[in-house]
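*Asks:* Provided herewith is a single structure, encoded as structure tokens, for subsequent inquiry.
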Amino acid sequence: MEMRARALYRFFHKAFCLLLVGGFLSIYSFAQNDSSEYNVKAMFVLNFMKYVEWPSESGKNTFKIGVVGETELFNALVNMTLNKKESKKILIGKVDQESTGNYQIIIITGKQNKKSIEWLKNYEDKGVLLISDNSKDETIAAINLLNIDNKIRFDINHSKARWGGVKISSKLADLAITVHP
């Protein structure tokens, strides 16, 4: 009886993961259009929130996402969160090195990716998930968003997540193209 329950659990777990992969990778395929790319990346970021373990005191009523650098990703996130019904209010803001605030996610874009080490030092063990956008170095942030063959993919670096004081779910790690310990 116990073996049958385990087999059923594994079957449903695999089915769930396949559905999740299908949802992330198939549905969000897009044509070569920058605004579509950023809309897809914004959807990914908002979905990542569900698969990260945050410190218990982190953003009880409000969830803050900071975007570094000039990018359409900022506008896409703002537009997607306007009418989003969540248990927490989601605020999107622009961030620079002098910014102070309790962000749960910081997205580093474009040329700012070169300064990721500085950002890591600023948010060490503060319950912040650092996400980079199209970085050539997949080891600088906990999650690196990538555009591969007009599909959005991502890498995960667990040590950078721990550095920021968060833990990424194994369900999300199963969907990454590369996972660094």
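The values are calculated or read from the model by the stated rules, or taken from the named source; none is laboratory data. Keep in mind it's a predicted model, so treat the numbers as computed, not measured. Positions of Cβ are backbone-derived with ideal geometry, glycine not excepted, and every protein chain shown enters the neighbour counts. The protein model used for the area step is the full one, side chains on, heavy atoms only, and it has no ligands, DNA or RNA in it. Shrake-Rupley method; radii C 1.70, N 1.55, O 1.52, S 1.80 Å.
*Asks:* Would you check if G69 is at pLDDT 80 or above and either within 20 Å of N122 (Cβ to Cβ) or out of contact with any Lys or Arg (no Cβ under 7 Å at 6 or more places or on another chain) (or both)?
*Replies:* Values: at pLDDT 80 or above: yes; either within 20 Å of N122 (Cβ to Cβ) or out of contact with any Lys or Arg (no Cβ under 7 Å at 6 or more places or on another chain) (or both): yes.
Yes; evaluated as a whole, the condition is true for this residue.
*Asks:* Additional query: For region 140-151, enumerate the residues that are touching a helix residue (DSSP H, G or I) at 6+ places or on another chain (Cβ under 9 Å) and more than 27 Å from K126 (Cβ to Cβ).
*Replies:* The answer is N147, N150, K151.
*Asks:* Pull up region 23-57, narrow it to residues that are modelled with pLDDT of 75 or more and among the aliphatic types (A, V, I, L, M), then point me to the one that is farthest from V128 (Cα to Cα).
*Replies:* Among residues in region 23-57 that are modelled with pLDDT of 75 or more and among the aliphatic types (A, V, I, L, M), the one farthest from V128 (Cα to Cα) is V40.
*Asks:* Of everything in region 113-127, what is open to solvent by less than 10 Å² (accessible area, probe 1.4 Å) and either closer than 15 Å to V166 by Cβ or at pLDDT 80 or above (or both)? Give them in sequence order.
*Replies:* Answer for region 113-127, where residues must be open to solvent by less than 10 Å² (accessible area, probe 1.4 Å) and either closer than 15 Å to V166 by Cβ or at pLDDT 80 or above (or both): W119, G127.
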